[in-house]
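The values are calculated or read from the model by the stated rules, or taken from the named source; none is laboratory data. Everything quoted here is computed from the prediction, not taken from an experiment. Here the Cβ is made from the backbone with ideal geometry for all residues, glycine too, and neighbour counts use every protein chain on show. Accessible surface is based on the protein model in full, side chains and every heavy atom, while ligands, DNA and RNA are left aside. Shrake-Rupley method; radii C 1.70, N 1.55, O 1.52, S 1.80 Å.
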Amino acid sequence: MKNILAILALAVIVSACTTQAQNRQPSAAAKKVAAASATQINFQPTVFATGPLAAAAEAKLSFKTGGIIAKVLVREGQKVRKGQLLAELRLDEIQAQQQQANLGEDQAAISLENARLALRLAERDYRNVSGLYADSVATLEQLENVEVQLNNAKNQLSAAEKGLAFRQQGVEVAQFNLRYSSIVAPSDGIILRQFAETNELVGPGNPVLLFGSRQEAQVLKVAVTDKDIIHLNLGDSATIHFDAYPEVAFLGFVRELAGTSDPFTGTYAVEIELAPQTRQLVNGFIGSVTIQTKQRQSLISIPVDGLLKADGAIGQVMVIDQGQARLREVNIQQLQQTQLLLRQGLEAGEMVITAGASYIEEGDRVEGF
């Protein structure tokens with residue numbers, strides 16, 4: 001019995017010594033990782049787009065009446081001045097119509113004069129018969145007859161006056177058609193495109209020339225997505241680059257924003273007006289524009305190397321939390337060169353692991369440098 005108690009006592013002593021020895025052993029060393037502090041920034045969204053250069057005011061010029069084109073006096077790309085003759089129709093038929101209208105007006109004028117003379121005669125007869133009727137010389141029937149003739153003369157005069165007015169309108173229409181049987185430049189500008197040639201038959205209103213005004217500035221027409229349109233406002237400043245002038249940054253501003261999307265592409269049209277400049281810019285140049293918006297957002301910025309993985313706007317990063325590695329889900333706003341801008345998921349000052357996260361697991365002891 002004494003031997004058994006001695007053995008148990010010895011076992012307790014050995015176990016205690018072993019526990020104390022284990023407690024005295026040093027713990028596992030923390031893994032070294034590269035880390036960077038998340039910083040808060042006042043972010044100004046930037047929108048990028050590309051599109052063609054165009055005239056701010058473009059117009060399709062056409063003839064008022066149809067006919068055969070006699071002359072097209074300009075070519076594509078030609079600069080023109082206000083009032084300059086650009087094209088005209090063959091005038092034989094139109095001039096004949098005007099002559100007919102003038103003849104109709106002359107005939108209506110003669111008819112009006114005859115109606116006035118007839119009215120004068122009817123008024124004279126009525127006065128004479130009225131006097132005779134008062135003296136009991138003329139009968140009531142005779143008086144009624146001249147009264148009817150008088151009323152008929154008045155009606156004929158009214159019809160003649162309306163006929164002349166109608167014929168005069170016909171003359172005005174013929175003159176209008178003759179005047180618009182030629183196309184003149186509405187202002188200083190440039191011929192952007194020619195749709196018809198000499199001797200072609202064109203209908204009324206069919207476009208013959210595409211005209212771009214030089215009185216207004218040129219614009220860059222671009223399309224942006226719904227994610228970008230919400231950041232834009234009229235007057236936002238823009239910087240434009242063209243391949244023709246790679247070293248030059250042209251300035252501009254947002255002058256027009258579409259109120260609805262294109263039904264086919266789902267994008268929104270935006271017009272950027274270029275500031276006055278001396279270099280020659282030809283309509284059709286493709287420009288790349290950077291629009292600096294007026295909005296401001298408070299975001300968190302971290303190095304892009306801190307992103308472990310992403311699915312759309314949702315990503316994961318590894319942070320150092322009280323000496324341990326912890327996974328954190330973040331909401332991504334934008335990738336900006338070497339920085340990742342986040343809307344949610346991190347606070348300013350938190351340490352994000354930027355190198356070494358691939359060989360550690362969540363909960364590992366880590367030490368940043």
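Results, tabulated for the structure shown:
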item	result
Selection count where residues are open to solvent by 50 Å² or more (accessible area, probe 1.4 Å), among the hydroxyl-bearing types (Ser, Thr, Tyr) and part of a helix (DSSP H, G or I), scope the range 99-148	3
Search result, residues across the range 245-295 that are open to solvent by 70 Å² or more (accessible area, probe 1.4 Å), assigned to a strand (DSSP E or B) and not aliphatic (A, V, I, L, M)	246, 247, 253, 255, 256
Selection status of residue 346, open to solvent by less than 40 Å² (accessible area, probe 1.4 Å), in contact with a strand residue (DSSP E or B) (Cβ under 8 Å, 6 or more places away or on another chain), in a loop (DSSP other than H, G, I, E, B) and within 18 Å of residue 39 (Cβ to Cβ)	yes
Residue ID - farthest from residue 189 (Cα to Cα), chosen from residues in the range 60-78 that are modelled with pLDDT under 85 and open to solvent by 30 Å² or more (accessible area, probe 1.4 Å)	66
Failed item, numbered, when residue 340 is tested on (1) among the aliphatic types (A, V, I, L, M); (2) over 15 Å from residue 43 (Cβ atoms); (3) open to solvent by less than 70 Å² (accessible area, probe 1.4 Å)	(2)
Test: residue in the range 326-343 that is in contact (Cβ under 8 Å) with a residue 60 or more places away in the chain and not in a strand (DSSP E or B)	no
Restricting the range 149-187 to residues that are open to solvent by 90 Å² or more (accessible area, probe 1.4 Å), under 54 Å from the mean Cα position of the chain (by Cα) and not charged (D, E, K, R), the residue that is modelled with the lowest pLDDT	180
Of all residues making up the range 221-235, the number that are without any contact (Cβ under 8 Å) to a residue 60 or more places away in the chain and part of a loop (DSSP other than H, G, I, E, B)	4
Residues of the range 296-310 satisfying the condition of being under 14 Å from residue 329 (Cβ atoms), part of a strand (DSSP E or B) and of a type outside the set (Lys, Arg)	300, 302, 307, 308, 310
